[in-house]
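First comes the structure, then the notes that go with it.
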Amino acid sequence: MNKFKLMIVGMLVLGGNVFAQQKPYYTQYILNNYILNPALTGIENYTDLKLSYRDQWTNIPGAPQTMYMTVHAPIGKADYKTTPTSFEPSGENSVGNDWYEENVTSPTHHGVGLSIINDKTGYLSRFSVAASYAYHKGLSPKTTLSLGFQAGLSSVTVDRSKIDWGNTSMDPNDPAIGYATGELKKSVPELGVGLWFYSQDFFVGASMLNIVPAKTRFVKDSKYGTYLVPHTFVSGGVRVPMSSGLTFLPSVLVQWINPEPVQVHANMKFQYENKLWFGASYRHTDKLGGFAAMAGVNISNTLNIGYSYDFASTSRLRNYQGNTHEIVVGFLLGNSFRFKCPTCHW
């Protein structure tokens, strides 16, 4: 492994707590904003279940791999519209101009949810479980404001047996993990809060995860450890009907993790009726920026699949990092209105 690749690995698992032990990246966050904001809990008329796998920077040994499962559902939600065909008139595009003129949001309701995330980078891994609650208050016939909370537990693990100490005649003593062999584990609580203002044609949201900073020490009385710091997200998007059943869905996500610089994620998505979609995104950051191509299909009113392919913005980084694959599989459970795609988050 040459010096440049060693530098990249060092950024990932040695020198960067932010890269190694903070929240993972999600290219297809637009398909599941709930993963970043608990205020989306119970936003739709059905139980929303999503499974995802992300294989990041495939050319680097020990690069991040992320899996998650999220599920959330409304409680006490009733719609002004009373039949499935109210949302999807026969022979018309359900996201066309007529739909916007006639569709209205739901009255006040609650939502509950659960997320399970397993994120692994080299010898470091983080397993998180969190429950969420949201209150959705209708402000007008077409707009709603929701407030959500999240609480859970994260377990940070160091597998010391996987650390390559280099050419040494004895097992060195790392002051952060000591002489212990095998796995070292520490658990810390997690809290999050979010706001989401939305209708069927726009959304604006903000959230903070890891509200309470935490430090996990693997050696008693050691000043060294892994810091878990607050994450701030601000996002917004609009839905623009176009001709021939095509809808344009631009959005942006601004992310800040102290002490890292602000990151900006720009996303463009085109949806053809309720059948399929394609799009692109760009991540602007001073270290690991890049582009992504995305596509997906709504197979039925109970199943959809999305896939994204990321690549670095510079050829040199791309040659050493490799590219990134991410797949998201969604299930719409109890979908009595027989939607094929979400109406309140996209």
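The values are calculated or read from the model by the stated rules, or taken from the named source; none is laboratory data. Just so it is clear, the structure is predicted and the values come from calculations on it, not from any experiment. In this analysis, Cβ positions are derived from the backbone assuming ideal geometry, glycine residues included, and neighbour counts consider all displayed protein chains.
Taking each residue of the range 141-170 that is under 24 Å from GLY192 (Cβ atoms) and looking for partners that are modelled with pLDDT under 70 and surrounded by 12 or more Cβ atoms within 10 Å (Cβ to Cβ) with beta-carbon atoms closer than 7 Å, six or more apart or interchain, yields THR143/THR105; THR144/THR105; VAL156/GLN21; VAL156/THR216; VAL156/THR226; THR157/GLU183. What are the residue pairs meeting all of these: first residue in the range 217-238, first residue among the β-branched types (Val, Ile, Thr), second residue at pLDDT 90 or above and not in a strand (DSSP E or B), Cβ atoms under 6 Å, and 6 or more apart or on different chains? Pairs that qualify, where the first residue is among the β-branched types (Val, Ile, Thr) and the partner is at pLDDT 90 or above and not in a strand (DSSP E or B): there are none. Annotation: of all residues in the range 301-315 being surrounded by 18 or more Cβ atoms within 10 Å (Cβ to Cβ) and at pLDDT 90 or above, the one that is farthest from ILE30 (Cα to Cα) is ASN304. In the range 337-346, of all residues being touching a helix residue (DSSP H, G or I) at 6+ places or on another chain (Cβ under 7 Å) and of a type outside the set (D, E, K, R), the one that is nearest to ALA280 (Cα to Cα) corresponds to TRP346.
Residues in the range 266-291 that are surrounded by fewer than 21 Cβ atoms within 10 Å (Cβ to Cβ), modelled with pLDDT of 90 or more, of a type outside the set (Phe, Trp, Tyr) and more than 15 Å from GLY245 (Cβ to Cβ): ALA266, MET268, ALA280. For beta carbons closer than 6 Å, sequence separation of 6+ or different chains, a first residue in the range 242-265 that is in contact (Cβ under 8 Å) with a residue 24 or more places away in the chain and a second that is among the small types (Gly, Ala, Ser) and surrounded by 19 or more Cβ atoms within 10 Å (Cβ to Cβ), the qualifying pairs are SER251/GLY237; LEU253/SER235.
Return yes when ILE75 is surrounded by fewer than 19 Cβ atoms within 10 Å (Cβ to Cβ), at pLDDT 75 or above, touching a strand residue (DSSP E or B) at 6+ places or on another chain (Cβ under 6 Å) and not acidic (Asp, Glu) and no when it is not. Yes: the conditions hold for ILE75.
Given the structure, is ALA180 touching a helix residue (DSSP H, G or I) at 6+ places or on another chain (Cβ under 7 Å), among the small types (Gly, Ala, Ser) and either modelled with pLDDT under 85 or in a strand (DSSP E or B) (or both)? Yes, satisfied. When GLU260, GLU326 are checked against the criterion of being modelled with pLDDT under 85, under 30 Å from GLU190 (Cα atoms) and of a type in the set (Asp, Glu), GLU260 stands alone in meeting it.
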